[in-house]
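Accompanying notes for the structure given below.
The values are calculated or read from the model by the stated rules, or taken from the named source; none is laboratory data. Just so it is clear, the model here is predicted, and its values are computed rather than measured. Don't worry about glycine lacking a Cβ; one is built from the backbone with ideal geometry, like all the others, and counts go over all protein chains shown. In case anyone asks, the SASA skips ligands and DNA or RNA and just uses the protein heavy atoms, side chains included. Shrake-Rupley method; radii C 1.70, N 1.55, O 1.52, S 1.80 Å.
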Amino acid sequence: MATRSTEAAGNETAQTVKDCAEPGLTSGALGERPVPVPGTGSPWRWFFSGIWLAYLIGPVADLFQHHHSAAWIAGGILITVAFCAIYLPTLMFCESRPRLCLYGLGALAVLAAVACLVYGKSWTPLWIYVSAAGGMVLTSVFGSRRASLGVFAITGCYLLFCRVTHLDTPNTLAVLLPVLLIGLAMIGFRMQITLMRELAQARGTVAKLAANEERLRLARDMHDLTGQSLSMITLKSELAEKRLAKLPPSAERDAVLTELGDIGRVSRQTLHDIREAVSGYRRPTLAIEVITARNALEAAGIALDDDPELTLRSGLFDPDAEAVLAWCLREAVTNVIRHSRARHCRIRLTERMGELSLEVTDDGRGFAGQDQETPQTPDSHTGSGLRGVSERLSAIGGRLSLGPAEGSGSKGPGHGFRLVATVPAEVATGDIAHNGHL
């Protein structure tokens, strides 16, 4: 019963960690319902971005104030509809599809230029919307510094078309400030969204750390509260069985011996099950190991370039594969600190063709005699750590590859080291049972 309730608590905690790891979600503490990150795609964002398009009513109304042909009016309405249809998706999807939104930004600029050249000065306010879209899109693709240059370039285009359309100076200056300042404000808004997303990811990491601490606490309590008592029951039953065996044979004695044997077997099996449960709760994860690695490398004076995927993907694929990769990461970082004399360490997690690969590289001295053309195996090195990592990987159908760091050939042989641990994204439980360990 204690084991089942503990497993239930562990499953609930794991589910909380998965919820916190979803993009755009955050949770302040374990057990809270995840909430969306502000500004990351809620329906209200569509509403408040689109409501400003109502100001295009002015240029459209100007089409009907003069006696123009139906084709002339239809052309202006068509430009307005196309502008609105491109503007909103360009703003909304600049984070998920930034490269595609660049084409949308270009289309907005072309439509604004055509409207100014064909329909005159009343359409110059379109450049306000182009500047707003430019601030969002250019920040997503190139960063805030280049985006600022882009906003200034859009402002220059606005001034150019004001001159071409002979817009008077007071009206030019009245729209100039919105064109410039709204573009810069959108850069700040886009950076704020990025900061909120990073904060959500940090809170998710904190939740994972809390979940791991809770698992360790449950494991310690389970072991301390039940392990000693069950061991005592087993020893007492064995002692009683030996003392009864010295008594004269009788049916009653044989029945008691059978009952004592059953008690001993049940207590031993229960103790074994609890130890298995404790071992499962102490299973390492990538999210925890990368934080530990960051602290250890920083203390050793080694700069770390780690992949955000290590934290984001943690808990979202096969737990046995993640546990093995976590052990590989721990051993690789230990070797970098103890043996490499490196100044920089790089960690990446990639997925390709149904396999997950953990790559750890450094710019240290590498292993003596390593060859750029011949990847080495754990058996090539005397350390037992890499041999143990290779055995864990083999147990789940994975593999370990060792060799010089990429791009280090120009620095001479033996410079830099690269470890790649590859596991299948889905691990069959039969492989683990067959090999008997992780």
Exercise for the section: Ignoring everything but the protein chains, give the 1.4 Å probe accessible area of Thr334 in square angstrom, nearest 10. Expected result: 40
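Order the following by accessible area, largest value first: Lys246, Lys236. Probe radius 1.4 Å; ligands, DNA and RNA are ignored.
On the way: Lys246 175, Lys236 125 Å².
Final ranking, largest accessible area leading: Lys246, Lys236.
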Practice task
Rank by packing, highest mean first: peptides 122-133, 160-171, with packing defined as the count of other Cβ atoms within 10 Å averaged across residues.
Solution key: 122-133, 160-171
Problem - Derived scalar couplings ³J(HN,Hα) [segment 112-122; Karplus, 6.51 cos²θ - 1.76 cosθ + 1.60; whole Hz; x for Gly, Pro] - result: 5, 5, 4, 4, 5, 5, 8, 9, x, 5, 5
Exercise for the section: Measure out, as a whole number of angstrom, how far apart the alpha-carbon centroids of segment 298-323 and segment 119-192 sit. Expected result: 41
Practice task
Just subtract the alpha-carbon distance of Arg253 and Leu78 from 0.36 nm times their residue separation and send over the number in nm, one decimal.
Solution key: 53.0 nm
Exercise for the section: Report Rg (one decimal) and Dmax (nearest whole number) for segment 58-182, counting Cα atoms only, units Å. Expected result: 14.7, 47
Problem - Rg to Rh quotient for segment 212-364, alpha carbon positions, Kirkwood Rh - result: 1.27
Completion exercise
SASA check, Phe142, accessible area w/ 1.4 Å probe, all protein chains in place, rounded to nearest 10 Å², comes out at 90
Problem - Accessible area of Arg253 in the full protein assembly, 1.4 Å probe (Å², nearest 10) - result: 50
Handout entry: Residues Phe93 and Val164, FRET efficiency given R0 of 30 Å [Cβ-Cβ distance, rounded to 0.05]
Key = 0.40
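Order the following by accessible area, largest value first: Trp44, Trp327, Trp52. Probe radius 1.4 Å; ligands, DNA and RNA are ignored. Numbers along the way, then the final one.
Working: Trp44 165, Trp327 80, Trp52 145 Å².
Solvent-accessible surface, decreasing: Trp44, Trp52, Trp327.
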